[in-house]
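Asker: Submitted below is the structure of interest, expressed as structure tokens.
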Amino acid sequence: MELASQTTGIPVHIDWQPFYLNHNTPEEGEGMYEHLAAKYGVAKARAFTQPNNPLDQAGSKVGLTFNPARRIIRTRDSHRLVEWCKEVAPAKEDALMNAIFHAYFTEAKDVSRHAELLACATTCGLDTSACKAMLESDRYVSEVDAKAKSWSRQGVSGVPYFIVHPPNGAQPVAFSGAQPTGLMAEILTENVGDGRA
């Protein structure tokens, strides 16, 4: 989406929303291969854990590297951190999401751990003490759970999932999956034009 925005010159504001892709992740997390095998079968698990798998190929086209050592983890606390950031430092929301994504997908960090989330917050210049206090509380738990359930009830079943809101009040356009940059650029151009999504 960032590349589509740059290509078209259409500025995009992303409002990151909580969503639980894996509702039953154990507290200690789960190995990637074991998770994929249980969810999609052994053949697909093997395909997606081999070098040059489809996810790695798609990521390399846009400069993303996926670390095969990452585990499936619980994400509630990372969503809570983002909701907190929206409240106290909304201009840093994208930077925080990028830090969390990099820690998890590229460095295979366990971002269900508060220490890893605090490190992400610190790199973005957020108040580490206030962040730590929030994570140790139950703030945003009910809000995050409610939002995540709401998206599931609305039919969202995978990520990424985008909803483009045209500036003229027209019907929002939703699409899921990691679409090619060209298609995203086309969607922005057709639905936003010279405005802001």
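The values are calculated or read from the model by the stated rules, or taken from the named source; none is laboratory data. Only a predicted model underlies this, so the values are computations on that prediction, with no experimental measurement involved. As a convention, Cβ positions derive from the backbone with ideal geometry for all residues, glycine included, and neighbour counts pool all protein chains shown.
Asker: Tell me, please, whether a residue that is polar (S, T, N, Q), over 15 Å from the mean Cα position of the chain (by Cα) and within 23 Å of R71 (Cβ to Cβ) can be found in segment 165-178.
Answerer: For segment 165-178, residues polar (S, T, N, Q), over 15 Å from the mean Cα position of the chain (by Cα) and within 23 Å of R71 (Cβ to Cβ): absent.
Asker: Which of the residues spanning segment 87-108 are within 12 Å of W16 (Cα to Cα) and without any contact (Cβ under 8 Å) to a residue 12 or more places away in the chain?
Answerer: P90, N98
Asker: If you don't mind, another one. Would you be able to say whether some residue in segment 5-12 is polar (S, T, N, Q), at pLDDT below 90, over 25 Å from R113 (Cα atoms) and surrounded by 15 or more Cβ atoms within 10 Å (Cβ to Cβ)?
Answerer: No, there is no match, as no residue in segment 5-12 is polar (S, T, N, Q), at pLDDT below 90, over 25 Å from R113 (Cα atoms) and surrounded by 15 or more Cβ atoms within 10 Å (Cβ to Cβ).
Asker: In addition: Looking at S78, S129, S112, S60, can you tell me which residue is modelled with pLDDT of 95 or more and over 19 Å from W16 (Cβ atoms)?
Answerer: One residue alone meets the criteria, S129.
Asker: Can you go through V82, V111 and tell me which one is among the hydrophobic types (A, V, I, L, M, F, W, C) and in a loop (DSSP other than H, G, I, E, B)? Don't jump to the end; show me each part of the working.
Answerer: Details: V82 fails: in a loop (DSSP other than H, G, I, E, B).
One residue alone meets the criteria, V111.
Asker: Pairs under 8 Å by beta carbon, first residue of a type in the set (V, I, T) in segment 119-131, partner exposed (fewer than 13 other Cβ atoms within 10 Å of the Cβ), six or more apart or different chains?
Answerer: Short answer, once both residue conditions are applied: T122/T128.
Asker: When you go through A91, A121, A133 one by one, which is the residue that is touching a helix residue (DSSP H, G or I) at 6+ places or on another chain (Cβ under 8 Å), part of a helix (DSSP H, G or I), hydrophobic (A, V, I, L, M, F, W, C) and over 28 Å from K39 (Cα atoms)?
Answerer: Numbers: A91 fails: touching a helix residue (DSSP H, G or I) at 6+ places or on another chain (Cβ under 8 Å); A133 fails: touching a helix residue (DSSP H, G or I) at 6+ places or on another chain (Cβ under 8 Å).
Selected residue: A121, the only one of A91, A121, A133 that is touching a helix residue (DSSP H, G or I) at 6+ places or on another chain (Cβ under 8 Å), part of a helix (DSSP H, G or I), hydrophobic (A, V, I, L, M, F, W, C) and over 28 Å from K39 (Cα atoms).
Asker: Which residue, of R153, R196, R139, is of a type in the set (K, R) and at pLDDT below 90?
Answerer: Within the list R153, R196, R139, the selection yields R196.
Asker: Report, by residue number, each residue of segment 151-167 that is exposed (fewer than 12 other Cβ atoms within 10 Å of the Cβ) and among the polar types (S, T, N, Q).
Answerer: Q154, S157
Asker: Can you report the number of residues in segment 24-63 which are assigned to a helix (DSSP H, G or I) and of a type outside the set (D, E)?
Answerer: Going through segment 24-63 one residue at a time, the tally reaches 22.
Asker: Right, next: Before we move on, is A148 small (G, A, S), modelled with pLDDT under 95, on the phi < 0 side of the Ramachandran plot and surrounded by 13 or more Cβ atoms within 10 Å (Cβ to Cβ)?
Answerer: Numbers: small (G, A, S): yes; modelled with pLDDT under 95: no; on the phi < 0 side of the Ramachandran plot: yes; surrounded by 13 or more Cβ atoms within 10 Å (Cβ to Cβ): yes.
No.
Asker: Here's something else I'd like to know. Considering only segment 168-192, state which residues are assigned to a loop (DSSP other than H, G, I, E, B) and loosely packed, with under 13 Cβ neighbours inside 10 Å.
Answerer: Selection gives N168, G169, A170, Q171, P172, G177.
Residue-by-condition table, conditions (1) assigned by TED's automatic domain parsing to the domain that holds G9; (2) among the small types (G, A, S):
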residue: V82; (1), (2): no, no
residue: I100; (1), (2): no, no
residue: A119; (1), (2): no, yes
residue: D138; (1), (2): no, no
residue: S142; (1), (2): no, yes
residue: Q171; (1), (2): yes, no
residue: A178; (1), (2): yes, yes
residue: A185; (1), (2): yes, yes
